[in-house]
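Beneath this line is the structure, given in structure tokens, with notes to follow.
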Amino acid sequence: MKTFGLWLLEELAKRDMSQSDLARACNITTAQISRIISGERNASTKSLTSIAQALKLPVDLVFEKAGLLPANSELSPIQRKIMDIVKQLPDSGHQALFLFLEGWTGEENVEDMVIIMDDKGEFTIA
């Protein structure tokens, strides 16, 4: 099984990021990142959350790779990303997304539906 440090190095390589880049993005020291990668130090939940945000990955995926959550193999990477985005939506966004998806699957007529997001980030359906 791959260690969290090795997985993290692979994710950095995919993004052409250095450990220093990640440290800056997470607002932690390069030494801390190095110790996390080497396994010398376990990352705190705050650090893991910062790493997820810096790498634009779902937080639960990073927690899983760090061994803090059980593996969730039933979701594909894109499904995880969708779930992460949905979690960030306000309640009005959940409702708008639900209606859109319901219409997309043919259960509702959405041909004339318009979803509007106001300047406060709230969604309305017209």
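A short reminder: the numbers here are calculations on the coordinates, not readings from a lab. Note that the structure is predicted; figures quoted are calculated from it, not measured. Neighbour counts run over all protein chains shown; Cβ positions are idealised from the backbone, glycine included.
Here are some notes:
- Applying the criteria of a DSSP loop state and at most 16 other Cβ atoms within 10 Å to the GluC sites (Glu not before Pro) of the stretch 1-85 yields 40, 74.
- Dipole of the chain [Lys/Arg +1, Asp/Glu -1 at C-beta], most positive-end residue of 62, 38, 89: 38
- Counting only Cβ charges, +1 for Lys and Arg and -1 for Asp and Glu, the dipole size of the chain around its Cα centre is about 1080 debye.
- Calculated [222 nm] ellipticity per residue, helices only, for the chain: -17000 deg cm²/dmol; basis is -39500 (n - 2.57) per DSSP H run with n ≥ 4, divided by all residues, nearest 500.
- Only lysine pairs 8 or more places apart, or on different chains, with alpha-carbon atoms under 20 angstrom apart are counted in the chain, and they number 15.
- Charge dipole (Cα centre; +1 on Lys/Arg Cβ, -1 on Asp/Glu Cβ; no other charges) of the stretch 4-65 amounts to roughly 160 debye.
- Remark: the stretch 19-93 is approximated by an ellipsoid whose semi-axes, taken from the C-alpha gyration tensor as √(5λ), come to 25, 15, 9 Å, largest first.
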